[in-house]
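Since the structure comes first, as structure tokens, the remarks are kept for the end.
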Amino acid sequence: MPSTYPQHSFEMITAIVIDDDIDTVDVFCDYLEIVNVKVLGRGYNGKEAVELYRKHNPNVVFLDLMMPDYDGFYALEHIRK
């Protein structure tokens with residue numbers, strides 16, 4: 001019997017996660033995978049955030065703003081360009 005609901009193909013949401021705390025990145029990425037968000041990359045400073053964004057072009061960037069060295073503001077400025 002055919003379904004009465006239209007079939008949709010949903011594209012998986014992709015993301016990168018950036019935080020200077022490695023444990024936070026690991027836990028957050030595990031959670032995102034549980035809710036069907038595909039994590040394309042993990043980074044630990046703003047410079048890595050920019051590199052990962054350019055490489056993967058994710059739908060979403062989870063970005064800590066307060067990090068030593070290259071912070072999230074650096075990443076945000078360069079990603080927006």
Of the peptides 45-52, 18-25, how do they stack up when ordered by the mean number of other Cβ atoms within 10 Å, highest first? 45-52, 18-25
Total charge dipole magnitude, the chain, about the Cα centre, Cβ charges on Lys, Arg, Asp, Glu only, Debye to nearest 20: 560 debye
Can you compute 3J(HN,Hα) from phi for each residue in region 54-65, using the Karplus curve 6.51 cos²θ - 1.76 cosθ + 1.60 with θ = phi - 60°, rounded to whole Hz and x for Gly and Pro? 5, 6, 10, 6, x, 6, 9, 10, 9, 10, 6, 8
If ligands, DNA and RNA are left out, what is the accessible area of Y53 with a 1.4 Å probe, given in Å² to the nearest 10? 60 Å²
At 1.4 Å probe size, with the rest of the protein present, what percent of the exposed accessible area of the chain is carbon and sulfur atoms? 53 percent
If I take R0 = 25 Å and measure r between the Cβ atoms of L76 and F10 in this structure, what FRET efficiency does the formula 1/(1 + (r/R0)^6) give, to the nearest 0.05? 0.35
Counting only residues 5 or more apart in sequence or on a different chain, those whose built amide H sits under 5 Å from that of D71 are G46
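The values are calculated or read from the model by the stated rules, or taken from the named source; none is laboratory data. Here the structure is a predicted model, which means the values were calculated and not measured. Glycine gets a Cβ as well: all are built from the backbone with ideal geometry, and neighbour counts include every protein chain shown. Accessible surface is based on the protein model in full, side chains and every heavy atom, while ligands, DNA and RNA are left aside. Shrake-Rupley method; radii C 1.70, N 1.55, O 1.52, S 1.80 Å.
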